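First the structure, in the form of structure tokens, and then the observations on it.
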Amino acid sequence: MSQQKTALKVNHVSMKFNMSQEKVDNIKEYFIKIVKKELSYQEFWALNDVNFELKRGEHLGILGLNGAGKSTLLKVISGVLKPTRGNVVTKGKVVPLLELGAGFDKQYTGAENIYLYGAMLGYTKKFIDEKYDEIVEFSELGDFINVPMKNYSSGMRARLGFSIATVVKPDILILDEVLSVGDASFRQKSEERVKSMFDEGVTVLFVSHSLEQVKRICDKAIILEHGTIIAKGDVEEVAEIYQTKIKRKKKRKKKAE
Amino acid sequence: MKKYIANFEKYRFLLGELVKKDIKLKYRRSKLGIMWTLIEPILMAIVLTIVFSNLRGNKMHGFPVYLLAGRTLFQFFNTGTKAAARSIRSNSGMMRKVYIPKYMYPLGSVLSNFVTFLISMIVLVGACVIFKIQVTKYILLAPIPLFILMVMTFGMSMILATLEVFFRDVEYLWTVTTTLIMYCTAIFYVPEKMHSELLLVILKWNPVYGVIRNFRESIFYGKMLDAWSLGYSGTVAVLLTLIGVYLFYKKQDEFILYL
């Protein structure tokens, strides 16, 4: 185990947002504010010096309350956001199973969207041509594949998104909450597919509020609070710390009442 | 540099998909579909010919060809820059969720407009046949001004797309500016017949007109390209692209925070 290579390295990552009081998005206001020296930004650090490393095949759970910076961290790792400081090094194919089908075009049919979304995920045309039937079959859309996507239900959209995103063998898999795509039978099918990826030694980043799920899936965990890692290590230990934190918070709330 | 080229290779298929999407969706809900890229310039040429044929000097032979050559080129510059300026904002939903090199959006807009522009060139060819325009060997030079125009449109698009993220005013300002540029570009009049010194000076320094002038020289007048127009419009195109790419790369990581 210890000889395995590093799959993901998050190097002192910090992410700053400008929370300006009012949005200045026209030139007149901008110059007035400059002249009056009112152009003040309220800085907000969503991530603060986050630093960790994952070896191949490790499963990391990310715990934290709402607004702790979990989603921001996942966006930085998947490349959507560029960190203000620090950097992220990934080895191999990263597949984020977040917001499935975010790149779909509503006016396009399902079939056209397979190519569009596939291209966004960096697939080649040849690869999509080969996998097209598999994607359609897995999504269980049948004849709906040739219907414009605006007529799809949200479940159908998610099913197609999942089918496209998971047709590759990822090296790093990013999961936000446990997948709840479509109806019961599809959920089972999708869980099986994710599990088969686990068996092939994929590196997993898993975000959840549920301690049970994290314990079941992960072997390591970190806790984020206000953008800082306050605990990291073995999943059992970290889960315990998290539990006491939540209890303490509840107590404090009660006292305040 | 190598890294950028490798990255471009990786997303070349996506660029094709984005261009295809733009063109497909533009005409999807119209009965005549892609035929509109041909019908629209024909109808416009008829209207403009009727309106402007009594203007000084417009009684020349093959005026509709002269007019079409100017208008289709200007129209590409106009729609291309406008679509690209909006491209970052209109794709913000996608940008927030999937990583794609961001220049793909304005580049895709410019290219899809270039494709429809090339299709509408068929009308120009038809008009040349109908009005019996003499073709000379200089027609082989016609791609040069077209290439310059594409580079110029791309450069301007990168500048506009960047600014548009931070200031929405840019869209409106640019609409006014393109109208101004249109009147400062001899599209439906012949400059030499207008007897205005000022106009000639303006035209000399208008890079869009430089492109249109050279295009007309090669296909309409059947003459050698004008050296000044070629050099000047080429230089402006390169400068705009350098500024645009520099600005875009410097600011692109901030886009997502302002959308």
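Given that compact globular proteins tend to follow 2.2 N^0.38 Å, what is the ratio of the alpha-carbon Rg of chain A to that value?
My calculation over the Cα atoms of chain A gives 1.16.
Place +1 on the Cβ of every Lys and Arg and -1 on the Cβ of every Asp and Glu in the stretch A:99-168, take the dipole about the Cα centre, and give the residue among A:Phe138, A:Asn113, A:Val167 whose Cα lies farthest towards its positive end.
My answer, from the dipole projection, is A:Asn113.
State which entries of A:Lys28/A:Lys106; A:Lys220/B:Lys3; A:Lys125/B:Lys97; A:Lys169/B:Lys251; A:Lys91/B:Lys26; A:Lys70/B:Lys102 exceed 31 angstrom in Cα-Cα distance in the structure shown.
Too far apart for the 31 Å limit: A:Lys28/A:Lys106; A:Lys220/B:Lys3; A:Lys169/B:Lys251; A:Lys91/B:Lys26.
Could you calculate the FRET efficiency of A:Lys125 with B:Glu254 from 1/(1 + (r/R0)^6), where r is the beta carbon distance between them and R0 is 22 Å, rounded to 0.05?
Numbers: r = 33 Å, r/R0 = 1.48.
In this case the efficiency is close to 0.10.
With a ≥ b ≥ c taken as the square roots of the eigenvalues of the C-alpha gyration tensor of the stretch B:2-258, please select rounded if a/c is under 1.5 and otherwise prolate if a/b is larger than b/c or oblate if it is not?
Taking the square roots of the gyration eigenvalues as a ≥ b ≥ c, the stretch B:2-258 is prolate.
Give, rounded to the nearest 20 debye, the magnitude of the charge dipole that the stretch A:13-154 has about its Cα centre when Lys and Arg contribute +1 at Cβ and Asp and Glu contribute -1 at Cβ.
Roughly 820 debye, rounded to the nearest 20.
Taking the Cβ-Cβ separation of A:Lys247 and A:Arg85 as r and a Förster radius of 25 Å, what is the calculated FRET efficiency to the nearest 0.05?
On the way: r = 34 Å, r/R0 = 1.36.
The pair A:Lys247/A:Arg85 has a calculated efficiency of 0.15.
Could the peptides B:230-238, B:126-134 be put in order, highest first, of the mean number of other beta-carbon atoms found within 10 Å of their residues?
In decreasing order of mean packing, B:230-238, B:126-134 become B:230-238, B:126-134.
Calculate how steeply helix B:104-130 sits against the longest principal axis of the alpha-carbon atoms of chain B, using the helix alpha-carbon long axis, and give the answer as 0 to 90 degrees to the nearest 10.
Tilt relative to chain B: about 20 degrees.
In a GNM of chain B with a 10 Å cut-off on Cα contacts, which of B:Ser92, B:Ser112, B:Ser157 has the highest mean-square fluctuation?
Of B:Ser92, B:Ser112, B:Ser157, the Gaussian network model singles out B:Ser92 as fluctuating most.
When DSSP beta bridges are limited to those with both residues in the protein assembly as shown, what percentage is antiparallel, rounded to the nearest 5? Don't skip to the end; give the middle numbers.
Values: 21 of 38 bridges.
Bridges in the protein assembly as shown are about 55 percent antiparallel.
Could you work out how far the C-alpha centroid of the stretch A:217-257 sits from that of the stretch A:151-174, in angstrom?
The stretch A:217-257 and the stretch A:151-174 have Cα centres separated by 31 Å.
For the stretch B:149-226 and the stretch A:44-112, compute the distance between their C-alpha centroids and round to whole Å.
That distance is 44 Å.
Is there a simple number for the mean count of other chain Cβ atoms within 10 Å of the Cβ of residues in B:94-107, and what is it?
On the way: counts 7, 3, 5, 11, 12, 11, 7, 0, 0, 0, 2, 0, 0, 0.
Mean shielding count: 4.
Set the Förster distance to 30 Å, then compute FRET efficiency between A:Lys255 and A:Gln213 from the Cβ-Cβ distance, nearest 0.05.
Working: r = 30 Å, r/R0 = 1.00.
Result of the calculation: an efficiency of 0.50.
Compute the signed sum of charges (Lys and Arg +1, Asp and Glu -1) over the other residues within less than 15 Å, Cβ to Cβ, of A:Gly69.
Neighbour charge sum, excluding A:Gly69 itself: +1.
Shape verdict for the protein assembly as shown, please, from the Cα gyration tensor: rounded (a/c under 1.5), prolate (a/b greater than b/c) or oblate.
Prolate is the answer for the protein assembly as shown, as a/c is 1.5 or above and a/b outweighs b/c.
What is the average number of partner chain Cβ atoms found within 10 Å of a Cβ in B:22-29? Please report the intermediate quantities before stating the final value.
On the way: counts 0, 0, 4, 5, 0, 0, 3, 1.
Neighbouring Cβ atoms belonging to other protein chains average 2 per residue here.
None of the figures in this text is laboratory data; all of them are computed from the coordinates on show. The structure displayed is predicted, hence computed values, not measured ones. Ideal geometry is used to build each Cβ from the backbone, glycine not excepted, and the neighbour counts take in all protein chains shown.
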